[in-house]
Amino acid sequence: MNIILKDEIMNSSVNSFSINEAFKLYMDVWKNIFTEYEVFPSDSLLRQDIHILLYHEMKPIGYCAMSKYDYTLLAYRHHSFFTNMPNEVLETLTQLELQKTWSVELLTVHPNFRQGHFEIDVYEGLKQVLMNIIRDLQAEHVIAPIVKTNQASLKGRVHGEIIIQNIIYKSLFCDFLHMNYKTVPDIEDEKLAKAINSLYQPFKEKIKSLSDKEKIYEQAKKIS
């Protein structure tokens, strides 16, 4: 496992290589679905604040990322992540006034390592990492479109609340999930959760530091 923060990519050749391999994985898996792209835009990956990678024999087989937004600001409302959303999602986000919102994006598992093809469920492993990160960030709002054409929506909904059903996002049939650090549960596979938690421990303080920086920033705003 590796968890790479945005500002760590350019400062390490190892991290740069890992992100490059993650992007290759993402392109290979999604190229047959997002057929409108002859060249995949990399901005959606490079702008992420947190990158999560699971490896097998030094190759990434699972990847997802998290990015932070403040939907109350116009600049974020015009962000490409939101402009792909249908109007009903945008209206709901406006009503909820979701400040300091984290997104879960780009979740990708190599076809050869999906459930039934490999000894562990890589998708569930990624979810357990996400549960740890959400709690350590103390993230009050985490949003994610979850695909309905496979088991993602069914498995994902146990970790939060479906606030909108049956949307089309990037040509995919999805539900829209909202999660909160106070309520997100671990995955049901206790053995896998324990193994993932052990792998996650070296990254825990790094993730918690992001939350600490946010608290310092908010305190500084109040003083000013």
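The values are calculated or read from the model by the stated rules, or taken from the named source; none is laboratory data. Note that the coordinates shown come from a computational prediction; the quantities given were computed from them, not determined experimentally. With ideal geometry, Cβ positions are generated from the backbone for all residues, glycine too; neighbour counts draw on all protein chains shown. We work out accessible area using only protein heavy atoms, side chains counted, and drop any ligands, DNA or RNA first. Shrake-Rupley method; radii C 1.70, N 1.55, O 1.52, S 1.80 Å.
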From the C-alpha gyration tensor of the stretch 78-169, square roots of 5λ in Å: 25, 16, 11
Could you work out the relative contact order of the chain? I mean the mean sequence separation of Cα pairs under 8 Å and 6+ apart, divided by the number of residues, in percent. 17 percent
Please give the charge dipole size of the chain, origin at the Cα centre, charges +1 on K and R Cβ atoms and -1 on D and E Cβ atoms. Round to the nearest 20 debye. 300 debye
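For the stretch 101-153, which GluC sites (Glu not before Pro) are in a loop by DSSP, counting at most 16 other Cβ atoms within 10 Å? Before the final figure, lay out the partial values.
On the way: sites: E105, E119, E124, E140; in loops: E119, E140.
Sites meeting the loop and neighbour criteria: E119, E140.
Only four residue types carry charge here, +1 at the Cβ of Lys and Arg and -1 at the Cβ of Asp and Glu. Report the dipole size of the stretch 57-155 about the Cα centre in Debye, rounded to the nearest 20.
Taking the Cα centre of the stretch 57-155 as origin, the dipole is about 120 debye.
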With a length cut of 27 Å (Cα positions projected on each helix's long axis) and a Kyte-Doolittle mean of at least 1.6, go through the chain and give me the DSSP H helices that pass. none
Name the residues of the stretch 55-94 whose amide N is less than 17 Å from a point 7 angstrom out from the Cα of V29 along the C-beta direction? 55-67
Accessible-area composition of the chain, carbon plus sulfur, in percent [1.4 Å probe]: 52 percent
Report the charge-dipole magnitude of the stretch 1-119 in Debye, nearest 20, computed about the Cα centre from +1 at each Lys and Arg Cβ and -1 at each Asp and Glu Cβ. 120 debye
For every other residue with a beta carbon closer than 12 angstrom to the beta carbon of H178, add +1 if it is Lys or Arg and -1 if Asp or Glu, then tell me the sum. -2
Tell me the label only: which of [x] 1.28; [y] 1.07; [z] 0.99 is Cα Rg over 2.2 N^0.38 Å as calculated from this structure? [z]
Run through the DSSP bridge list for the stretch 66-179 and note the antiparallel percent, rounded to the nearest 5. 80 percent
Normalised contact order of the stretch 1-124, rounded percent, pairs of Cα under 8 Å and 6 or more residues apart: 26 percent
Alpha-carbon centroids, the stretch 41-76 and the stretch 98-175: separation in whole Å: 13 Å
Quick check on the stretch 19-130: of the DSSP beta bridges with both residues there, what percent are antiparallel, nearest 5%? 95 percent
May I ask you to give the solvent-accessible area per residue for the stretch 63-148, in square angstrom, as obtained with a 1.4 angstrom probe? 43 Å²
Among M131, L54, H117, which residue has its Cα positioned farthest towards the positive end of the charge dipole of the chain, with +1 placed on the Cβ of Lys and Arg, -1 on the Cβ of Asp and Glu, and the dipole taken about the Cα centre? M131
